[in-house]
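Heads up, the thing below is written out as C-alpha cells.
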Amino acid sequence: MHSPSRKDFVSLTFTGSGNYNSKQWRRQSCWRKWKQLSRLQRNLILFTVALMLVCGIATYPAVTEHFRGLTVVVKEDEGHVLKPVIPEVLPEPPSAKPKRAPHKRGPHGPQNRLQKKGTGSDIQVEENPIQDAKKADKEEGEKPLVNRRGALIEADQATEGGTAKEAENKVDVPAVEQKDHSHEPEFDRLEAVRDAFRHAWKGYKEFAWGQDELRPISKSYGEWFGLGLTLIDALDTMWILNLREEFEEAKTWVSTELSFNKNVDVNLFESTIRILGGLLSTYHLTGDTLFLDKAKDIGTRLMPAFNTPSKIPYSDVNIGKGTAHPPRWTSDSTVAEVTSIQLEFRELSRLTQDTRYRAAVDEVMQKVHKLEGKQDGLVPMFINTNSGQFTHLGVFTLGARADSYYEYLLKQWIQGGQKETELLDDYLQALEGVKKNLLKKSSPNSLTFVGELSHGQFSPKMDHLVCFLPGTLALGAHHGLPADHMELAKQLMETCYQMYAQMETGLSPEIVHFNMHEGSIRDVDVKLADRHNLLRPETVESLFYLYRFTKDRKYRDWGWEILQNFNKYTKVSTGGYTSINNVRDPEYPSPRDKMESFFLGETLKYFYLLFSDDPELLSLDKYVFNTEAHPLPIWPSAE
Ligand code: DMJ
C-alpha cells in the first residue's frame, strides 16, 4: 500500500521542435554532457563500467548454469566444460545391472503390443532409451549372480543403550532385526537402492543438512516448516537399508538440534505423516526412546488444530504458539488431510497411554462416517471446519485431496486388529463406488483406470497419486477381503506401470488423461502442464505390495526399470535427485531443482522392500505403513 502523501506520476518533457529521438541528437547531447564532467568524475565512471564488465564475465557461467540447468564439470584433459545436468547424471555401475533369474517373465502387455503395431503413436519406441536398456539387459542375459559387497553388511542389532527397556512407557514391540541380505538373488538391486540413497543423502548432507528439502541443482535448500523434514522422513529408511553410519549422524542431529519449540506454522497433515509418523516408526524399529519423546512433543504441539467448532481440524498449526487456523482464503480443510492422520495419533495414544490423541482423530472419523454428500461411499474433497459438513459437493476423485481417506479406512481397520467394522464398511462401500462410477477401460489397449466424476460428468483424468490404490487393494485382499480386489489391483498395477513405460523417459507424469474413443492411437495423453515428475512413490509402493503377495517377478522388473530411469533422468551428479518438468523429453527433462522428502522417506524405501527377499523385513502381518511409508505395528489382538 502507498502512504497517503506519496504520489505516483509520470513526468513528460516536451522539447518543442526538433526530433529528440534522433540518433544524432542523442549522440551530441551525450558527448556534451561527458565533456562537462571533471576528469575525476570521468575516471570514476570508466572504472565502474570496467569493474561491472569484469564481474559480469566472471559470474556468467554460474548464472547460466542456474537458468539452463547446466553444471560445470571439470575434466582433467579439457579444463572447465559445461555439460547439461541430466546427461551428466551418473551412469549405473555395470555391476548394478539386473541379473535375470532363469524363470524371469519380462515386462509384457500393452506396451509390447504397442511396439508391434507400429502405429502413429508419438512414443518413439525404437529410439526410446528404455528399450535400448532393455535390449542391453537381455544381451547381458542370464549370468549367474555375483555378490559384490556381501561381507560389508553387518547383522548388528544393537539399539541405543537398550533404552527401550528403560523407558517409562514400556512397549513390547521388538526392534526390527538387521539381516545379511548378501545371499539374496536380488542383492545387486538392493545395493543399487542403497547407492541411490547414499547419493541422495550426499547432496542433502552437503547442501541442505538439517533443512527441509535439498535443491540439488542450485546446491542449496528450501524451507517449508524449518524442521529438518527430509532428515526425519529418511530416518527409518536408513535403518531399514542398514545405513548405520548415516543413521547415527542423523540421530545425533535429532537429539542435539531438533526443537519443535519454534514459532512456525506447519501443515497438520504433512507434519503428522512425515514427522510424527517418521519418529514413531523409527522408535519402533530401533527401540530408542529419543524418538518416542520427540513424537510425543510434536504430537502434543499439533493438538490445537482440533480446537474448532466442528472438531474437524484446521489445516495449519503454529507449534510454538499453540494456535491453529485454516488457510487464509477459506475455512475448509481437505478431506484426505483430516482423515489421514489417524494411524499416527492412535499409535501415539497407545504408546503414551494418553487417550486424548486418539479421541481427537477418532471423532473426525465418526463425524465423516455420518456425513451427507457422499456418492456410493465416495467422498467430496473439502470439509468445513465450522459446520463440519462437506463442501464443493458433487466432485469425486481418488487423486489429490481424497486419496488417503480410502487408504486409511482400510489401514486403521488393520491397525486396530480388524474390529472397527464401520471403517471396513466405509472402505468396502467406497470400493463399490469406485467400480460403479470411476472405473473405465482405455483404448486401444483396454487398460483399467480410475477417472474422476464432476457433477455426474466423467473425466478420464488420473493422478499419479491414484497409484496407491493397487497396493491398498492387494493389502485388503491379503487381510481377507474379496479376491476380486486382488484382480482389480493387478489390472490397475499394469496401468500404473504403463503410465511410466509409455513415456519417453520411462517416468510417469503427475497426471494423465486416458483415451476412451475406439480407434485411439495410444492409451495415455499428457497435457503440457501435467508433464512433471516429483519423484513420487505410489507406483513403487504398489509394486512392493503386489510382489509381496503374488511373488510375480514382473513387478520387480518393472520397479527395476523405474529405478534405472530415475537414475538416468533425475540424478544430479553433484549429489541428490531432482524432480523434473517434462517426462516426455529425454533430451531435456528440465530439472525443477527440488528433492522432495518423500523420495527418501517413501520411494527409495519401497524400492528396497520390493527387491528384498526377506518377507520378515517389515512383515505385512505385523506392520501397517502410514501414507508416508512409515511402518507402525498392527496392534496385538488384545488391545
Ligand atoms: C506423500 O507425502 C504421501 O504419500 C501422501 O499420501 C501423498 N503425497 C506424497 C507422495 O506423493
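Using Cα-only point scatterers and the Debye equation, what is log10 of I(q)/I(0) for segment 487-639 at each q in 0.12 Å⁻¹, rounded to two decimals?
-0.55
Assuming a viscosity of 0.890 mPa s and a temperature of 25 °C, what translational diffusion coefficient in µm² per second does Stokes-Einstein assign to segment 400-449, Rh being the Kirkwood radius over Cα pairs?
Reported coefficient: 201 µm²/s.
How far, in nm, would the chain grow between Glu616 and Trp253 when pulled straight, counting 0.36 nm per residue and subtracting the alpha carbon separation? Could you put the intermediate results ahead of the total?
Numbers: separation 363, 0.36 × 363 = 130.68 nm, distance 2.97 nm.
Extra length from Glu616 to Trp253 when fully extended: 127.7 nm.
For q = 0.20, 0.27 Å⁻¹, what log10 I(q)/I(0) does segment 412-485 give under the Debye formula with an equal point scatterer on each alpha carbon and no solvent?
-0.96, -1.34
Relative to the Cα centre, what is the charge dipole magnitude of segment 533-639, using +1 at the beta carbon of each Lys and Arg, -1 at the beta carbon of each Asp and Glu, and rounding to the nearest 20 debye? Display every interim value, and only then the final one.
On the way: 13 positive and 16 negative charges, 56 e Å.
Dipole about the Cα centre, nearest 20: 280 debye.
Starting from 0.36 nm per residue, how many nanometres of slack lie between Glu206 and Thr391 once their C-alpha separation is accounted for?
62.1 nm
With the cut-off at 1.5 for a/c, could you classify segment 593-639 from its C-alpha gyration tensor as rounded, prolate or oblate?
Taking the square roots of the gyration eigenvalues as a ≥ b ≥ c, segment 593-639 is oblate.
Do any of Lys440/Lys622; Lys251/Lys594; Lys441/Lys594; Lys205/Lys605; Lys296/Lys554; Lys419/Lys441 go past 30 Å between their Cα atoms, and which?
Numbers: Lys440/Lys622 34 Å; Lys251/Lys594 24 Å; Lys441/Lys594 34 Å; Lys205/Lys605 19 Å; Lys296/Lys554 42 Å; Lys419/Lys441 35 Å.
Where the Cα-Cα span goes over 30 Å, the pairs concerned are Lys440/Lys622; Lys441/Lys594; Lys296/Lys554; Lys419/Lys441.
Across the Cα atoms of segment 550-624, what radius of gyration and what greatest pairwise Cα-Cα distance (Dmax) are found, in Å?
Over segment 550-624's Cα set, Rg and Dmax evaluate to 14.8, 45 Å.
Put +1 on the Cβ of each Lys and Arg and -1 on the Cβ of each Asp and Glu in segment 564-639; which of Phe598, Val583, Ser637 then has its Cα farthest toward the positive end of the dipole?
The listed residue farthest towards the positive side: Val583.
Rule-of-thumb check for segment 439-518: C-alpha Rg over 2.2 N^0.38 Å?
Values: Rg = 13.1 Å, N = 80, 2.2 N^0.38 = 11.6 Å.
Working it through for segment 439-518, the quotient is 1.13.
Going by amide H atoms built from the backbone, whose H comes under 5 Å of the H on Phe382, apart from near neighbours?
Amide H neighbours of Phe382: Val335, Thr391.
I need the shape label for segment 316-405. Rule: rounded when a/c is under 1.5, else prolate if a/b > b/c, else oblate, with a, b, c from the alpha carbon gyration tensor.
On the way: a/c = 2.09, a/b = 1.39, b/c = 1.51.
Verdict is oblate for segment 316-405.
Would you mind working out the magnitude of the charge dipole of segment 214-371 relative to its Cα centre, with +1 at each Lys and Arg C-beta and -1 at each Asp and Glu C-beta, to the nearest 20 Debye? Display every interim value, and only then the final one.
Values: 18 positive and 21 negative charges, 102 e Å.
Once rounded to the nearest 20, the dipole reads 480 debye.
A short reminder: the numbers here are calculations on the coordinates, not readings from a lab. For clarity, every value in this text was computed on a predicted model and none was experimentally measured. Cβ sites come from the backbone with ideal geometry, for glycine too, and all protein chains shown count toward neighbours.
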